[in-house]
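Here's the structure we're looking at; comments come further down.
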Amino acid sequence: MRHLRLETVGAWLLGVMWILPLAWAVWSAIHPPSSTQSFGLFSPVTLRNFATAWSMAPFGRSMVNTVVLVSMVLAAQFVLCTPAAFAFARLKFPGRDILFGVVLIQLMVAPEVLMVENYRTIGKLDLVNSLFGIALPYLGSAFGIFLLRQAFRTVPEELDAAARIEGLSLRQRIWKLYLPLARPTYVAYGLVLVSFHWNNFLWPLVITNSVGVRPITVQLAMFSTTDQGTNWSIITAATLLSTAPLVIAFLLFQRQFVQSFMRARAQ
Amino acid sequence: MTPAWLAGERREALQGWLLVLPALLFLTAFTYWPTLETAWASLHTAAVPGHPSRFAPLFEFKSLARDPVFWQVLRNNFYYALALIPATMALALAMALAVNGRIPGRAVLRLAYFTPTVLPMIAVANIWLFFFTPGYGLVDKLLAPFGFGSWNWLGESSTALFAVIVIAVWKQAGFYMIFYLAALQSLPVELAEAAELEGSSRVNYLRRVVWPLLMPTTLFVFVNAVIDAFRLVDQIVVLTHGGPDNATAILLYYVYQVGFQYFDAHYASALTMVLLALLGLLAWFQFAVLGRRVHYR
């Protein structure tokens, strides 16, 4: 019994270390700038900081940019990875296994590693400083292909054979059999993808150079470093604002999120 | 209708290639081709007016070897990995064991551990910037009773790397926890019951039974942690700019700096090649050494 109590204390100590920064961020954002450093329990609560932060930089615009960017990547990855994953899972064609090995290489090499060359490519396509330019390097995804292939392989072959006997075409088989059965994997993959691209920073930073196309992370970084000095209340308010949509979605769908991350990586 | 020469196996082969092609095109354009281009560029000198680019396979790599900043960056990245990987993995395992057991407030704890994972590193960096503020930051305030004075954690070259590591650990541990948690939950309940019947202590049970069974997960998390040790630079970009005196510059940050602030694409290519070589080594380790233990069926 004693070691169990010790464990509880340890776990909560760790928990406090993980909650404290978040709690401080909320506390600081809802109190006037003057009281950030003195943690008085009865300091007046205010929402002014959020309004101030929102009016000081085009966060709304950046938020829209991020939403468009994330939707674009999500849609394109689903469309591109689904047929490839199906082919790797269920079709026999010469060079398949070697090709799959080549695809897996991309799991190691994140597009950021190749940002210098990719910047040149995007430049040649005249897409620097555009949302499409941010999205392009991420549209083909070994991670997506790998994940969906795993899911498609669990579809019983007998079902597939039956569908073929009934005269369903390849497209119909994917659409009516494989997609519905792989739904949980799509949800998992989608959630992981959305949180990755909502939070992505370095590549969008180098490929954008104007307010109109900046996603929210780049906007937040610019805001915190240049516009603000050290007005903590305003900075934390901006920080919470820019992460709010994702965090709220996370709190609402906590179970799915956690299970999705498990499913997506732990297969 | 399908012509006779295009039936059966041939038809399937064609379908296979056609279905793979679009994704492959994008992967080629933004991963495989740029990798080759990077290799090619690293073997050439930069073109300057009057001196066109020429083939000089060792030129960039020689200047790399002479560049003290490069060696410092490599050393930094080594320390970054050496601290980040074991710290996040140990914490992740501890967290998973905690929330897998019957502990008061389990749901709250799991939420607390996992939340940093869905926050962008930029947001995390903003929050920790305050904690590390000299004088009135929380870290200094907590240390003050023990006789420590005001200290600029992110601004002193002796502690800046440590500070950016702390931030990365705080952000990543909950992410890896998920994989350990998934593995723990898939362990048969009978194992724990059998251990209890045999009267073996909890420590013994964890060490002799759970730890070996978690080995595939540990290897999987390890490979991901190594990749992260080369990839997590956002907090460095916004908080320290690699400084002070390059104390927090790791390899990917240096690539960014050389490529996009010094605009030396060829030197950046040589640096990228070093990064790719290290990742290649990891890939080799994963596929050859670990073999099928990390399952890629």
Contact list, first residue from segment A:28-49 and open to solvent by less than 40 Å² (accessible area, probe 1.4 Å), second anywhere and at pLDDT below 70 and assigned to a helix (DSSP H, G or I), beta-carbon distance below 7 Å, six or more apart or interchain, is A:43/A:35
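Every residue, every condition in (1) free of Cβ contacts under 8 Å to residues at least 12 places away in the same chain; (2) polar (S, T, N, Q); (3) closer than 20 Å to residue B:87 by Cβ, yes or no:
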{"position": "B:135", "(1), (2), (3)": "no, no, no"}
{"position": "B:143", "(1), (2), (3)": "yes, no, yes"}
{"position": "B:147", "(1), (2), (3)": "yes, no, no"}
{"position": "B:161", "(1), (2), (3)": "no, no, yes"}
{"position": "B:171", "(1), (2), (3)": "no, no, yes"}
{"position": "B:175", "(1), (2), (3)": "no, no, yes"}
{"position": "B:179", "(1), (2), (3)": "no, no, yes"}
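Step by step: first the residues of segment B:63-114, then only those that are hydroxyl-bearing (Ser, Thr, Tyr) and within 14 Å of chain A (Cβ to nearest Cβ), then the one that is surrounded by the fewest Cβ atoms within 10 Å (Cβ to Cβ). Which residue is that? Explain how you work it out, then say what you get.
The initial filter retains those residues of segment B:63-114 that are hydroxyl-bearing (Ser, Thr, Tyr), namely B:63, B:79-80, B:88, B:113.
Then keep just the ones that are within 14 Å of chain A (Cβ to nearest Cβ); that gives B:88, B:113.
Numbers: B:88: 26, B:113: 28.
Ranking the candidates gives B:88 first.
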Got at least one residue in segment A:227-246 being under 26 Å from residue A:67 (Cα atoms), open to solvent by 40 Å² or more (accessible area, probe 1.4 Å) and β-branched (Val, Ile, Thr)?
no
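Only one of A:91, A:69 is closer than 20 Å to residue A:149 by Cβ, of a type in the set (A, V, I, L, M, F, W, C) and either open to solvent by less than 20 Å² (accessible area, probe 1.4 Å) or touching a residue at least 12 places away in the same chain (Cβ under 8 Å) (or both). Can you tell me which?
Numbers: A:69 fails: closer than 20 Å to residue A:149 by Cβ.
Selected residue: A:91, the only one of A:91, A:69 that is closer than 20 Å to residue A:149 by Cβ, of a type in the set (A, V, I, L, M, F, W, C) and either open to solvent by less than 20 Å² (accessible area, probe 1.4 Å) or touching a residue at least 12 places away in the same chain (Cβ under 8 Å) (or both).
Only one residue in B:119, B:129, B:138 is within 14 Å of chain A (Cβ to nearest Cβ) and under 30 Å from residue B:182 (Cα atoms), so which one is that?
Going through B:119, B:129, B:138 in turn, just one is within 14 Å of chain A (Cβ to nearest Cβ) and under 30 Å from residue B:182 (Cα atoms): B:119.
Do we find that residue A:194 is within 29 Å of residue A:119 (Cβ to Cβ) and open to solvent by 20 Å² or more (accessible area, probe 1.4 Å) in this structure?
Numbers: within 29 Å of residue A:119 (Cβ to Cβ): yes; open to solvent by 20 Å² or more (accessible area, probe 1.4 Å): yes.
Yes, satisfied.
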The correct count of residues that are open to solvent by less than 50 Å² (accessible area, probe 1.4 Å) and of a type in the set (Val, Ile, Thr) in segment B:172-209 is 2
A careful count of residues in segment A:211-243 that are within 10 Å of another protein chain (Cβ to nearest Cβ), out of contact with any helix residue (DSSP H, G or I) (no Cβ under 7 Å at 6 or more places or on another chain) and part of a helix (DSSP H, G or I) gives 1
Filtering segment A:127-186 down to residues that are among the small types (Gly, Ala, Ser) and open to solvent by less than 30 Å² (accessible area, probe 1.4 Å) yields A:130, A:133, A:135, A:140, A:141, A:142, A:144, A:151, A:163, A:182
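Just checking, does segment B:42-60 include any residue being part of a helix (DSSP H, G or I), in contact (Cβ under 8 Å) with a residue 60 or more places away in the chain and open to solvent by 40 Å² or more (accessible area, probe 1.4 Å)? Walk me through it before giving the result.
Taking segment B:42-60 and keeping what is part of a helix (DSSP H, G or I), we get B:42, B:59-60.
With the extra rule that they be in contact (Cβ under 8 Å) with a residue 60 or more places away in the chain, the set shrinks to B:42, B:60.
Retained after the next criterion (residues that are open to solvent by 40 Å² or more (accessible area, probe 1.4 Å)): none.
No.
The values are calculated or read from the model by the stated rules, or taken from the named source; none is laboratory data. Keep in mind that this is a model prediction, so the values were computed, not measured. Heads up, the Cβs are rebuilt from the backbone with ideal geometry, glycines too, and the neighbour counts pull from every protein chain shown. Side chains included, ligands, DNA and RNA excluded: accessible areas come from the protein's heavy atoms. Shrake-Rupley method; radii C 1.70, N 1.55, O 1.52, S 1.80 Å.
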